[in-house]
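Chemist: Structure in structure tokens, see below.
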Amino acid sequence: NAGVTQTPKFQVLKTGQSMTLQCAQDMNHEYMSWYRQDPGMGLRLIHYSVGAGITDQGEVPNGYNVSRSTTEDFPLRLLSAAPSQTSVYFCASSTRRSSSAFFGQGTRLTVV
Amino acid sequence: GIQVEQSPPDLILQEGANSTLRCNFSDSVNNLQWFHQNPWGQLINLFYIPSGTKQNGRLSATTVATERYSLLYISSSQTTDSGVYFCAVVETGGSYIPTFGRGTSLIVHP
């Protein structure tokens, strides 16, 4: 049982480039979410999804897009990377039954 | 939205000491979790504790939901306890997505 899998683990982008961070879970969880972690700020919610086809914005959504075409996958897209998006990104999944969240191992993104 | 405050923000201990970390939240919750982020950045789920008390080895946690706080106790601390401890809550009637505090950074010296 893999849990929550994020790829890649590390990425360096140039300003203006685009990329997609992948997140997949194999626990059949209905809820999935993306957070970014910056020093001293804790984890801040970017976007979340309560089921396939349903997404919503979190606290810091600007510059990011998401979609949820299947229960398992929840990719995060950066359309035009900016240095302010340098951060560590975590994907999480949970289920309404327990609400206990499970996290991927994170993606460390640097935008130069 | 719900506010989550953790204290203290930083804590430095000698190996063998005990400590208490606190998490205050501003509204009713139906879930509360404590996480440990190790020096490699991995988030480890310590407790799922919306109310009551749980213990796991040298760690224990208590949540008093009616008074909107939770405590994480670390006894006989070890250097491997170093890292950042996060409290995350799910607001009652909200989106079922956790909201995090800013964490407590713990350093345990040998």
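Chemist: How about segment B:39-80: which of its residues are exposed (fewer than 14 other Cβ atoms within 10 Å of the Cβ), closer than 21 Å to A:Val88 by Cα and in contact with a Gly (Cβ under 8 Å, 6 or more places away or on another chain)?
Modeler: Correct list: B:Pro39 only.
Chemist: Further, regarding this structure: Does B:Glu5 qualify as being away from chain A (no Cβ under 12 Å), surrounded by fewer than 18 Cβ atoms within 10 Å (Cβ to Cβ) and either among the acidic types (Asp, Glu) or on the phi > 0 side of the Ramachandran plot (or both)?
Modeler: On the way: away from chain A (no Cβ under 12 Å): no; surrounded by fewer than 18 Cβ atoms within 10 Å (Cβ to Cβ): yes; either among the acidic types (Asp, Glu) or on the phi > 0 side of the Ramachandran plot (or both): yes.
Judged against the criteria, B:Glu5 is not a match.
Chemist: In segment B:13-23, what residues are surrounded by 12 or more Cβ atoms within 10 Å (Cβ to Cβ) and either under 13 Å from the mean Cα position of the chain (by Cα) or part of a strand (DSSP E or B) (or both)?
Modeler: Within segment B:13-23, B:Leu13, B:Ser19, B:Thr20, B:Leu21, B:Arg22, B:Cys23 meet the criteria.
Chemist: Where in segment A:25-94 are the strands (runs of 3 or more DSSP E), entirely inside, with at least 1 residues that are charged (D, E, K, R) and within 14 Å of chain B (Cβ to nearest Cβ)?
Modeler: A:31-37, A:43-51, A:54-57
Chemist: Say whether the condition of being touching a residue at least 24 places away in the same chain (Cβ under 8 Å), within 14 Å of another protein chain (Cβ to nearest Cβ), touching a strand residue (DSSP E or B) at 6+ places or on another chain (Cβ under 7 Å) and among the β-branched types (Val, Ile, Thr) is met by at least one residue in segment B:36-48.
Modeler: Looking through segment B:36-48, none of the residues is touching a residue at least 24 places away in the same chain (Cβ under 8 Å), within 14 Å of another protein chain (Cβ to nearest Cβ), touching a strand residue (DSSP E or B) at 6+ places or on another chain (Cβ under 7 Å) and among the β-branched types (Val, Ile, Thr).
Chemist: Exactly one of these conditions fails for A:His29: (1) in contact with a Phe, Trp or Tyr (Cβ under 8 Å, 6 or more places away or on another chain); (2) more than 18 Å from B:Asn45 (Cβ to Cβ); (3) at pLDDT below 95. Give me its number.
Modeler: All conditions pass for A:His29, except number (2).
Chemist: Report yes if some residue within segment B:53-76 is within 14 Å of chain A (Cβ to nearest Cβ), at positive phi and assigned to a strand (DSSP E or B); otherwise report no.
Modeler: Scanning segment B:53-76, I find no residue that is within 14 Å of chain A (Cβ to nearest Cβ), at positive phi and assigned to a strand (DSSP E or B), so the answer is no.
Chemist: Now for a separate question. Just to check your reading of the model, which residue among A:Glu72, A:Glu59 is over 17 Å from A:Ser94 (Cα atoms) and either touching a strand residue (DSSP E or B) at 6+ places or on another chain (Cβ under 9 Å) or of a type in the set (A, V, I, L, M, F, W, C) (or both)?
Modeler: That would be A:Glu59, the only listed residue that is over 17 Å from A:Ser94 (Cα atoms) and either touching a strand residue (DSSP E or B) at 6+ places or on another chain (Cβ under 9 Å) or of a type in the set (A, V, I, L, M, F, W, C) (or both).
Chemist: Now for a different question. Considering A:Gln11, A:Gln25, A:Gln6, which residue is polar (S, T, N, Q), surrounded by 15 or more Cβ atoms within 10 Å (Cβ to Cβ) and over 23 Å from A:Ser100 (Cα atoms)?
Modeler: A:Gln11
Chemist: Now, a different point. For the subset of segment A:45-93 comprising residues that are in contact (Cβ under 8 Å) with a residue 24 or more places away in the chain and acidic (Asp, Glu), which member is nearest to A:Arg108 (Cα to Cα)?
Modeler: A:Asp73
The values are calculated or read from the model by the stated rules, or taken from the named source; none is laboratory data. What you see is a predicted model; the values in this text were computed from it and never measured. A quick note on method: Cβ atoms are made from the backbone with ideal geometry, for glycine too, and the neighbour counts reach across all protein chains shown.
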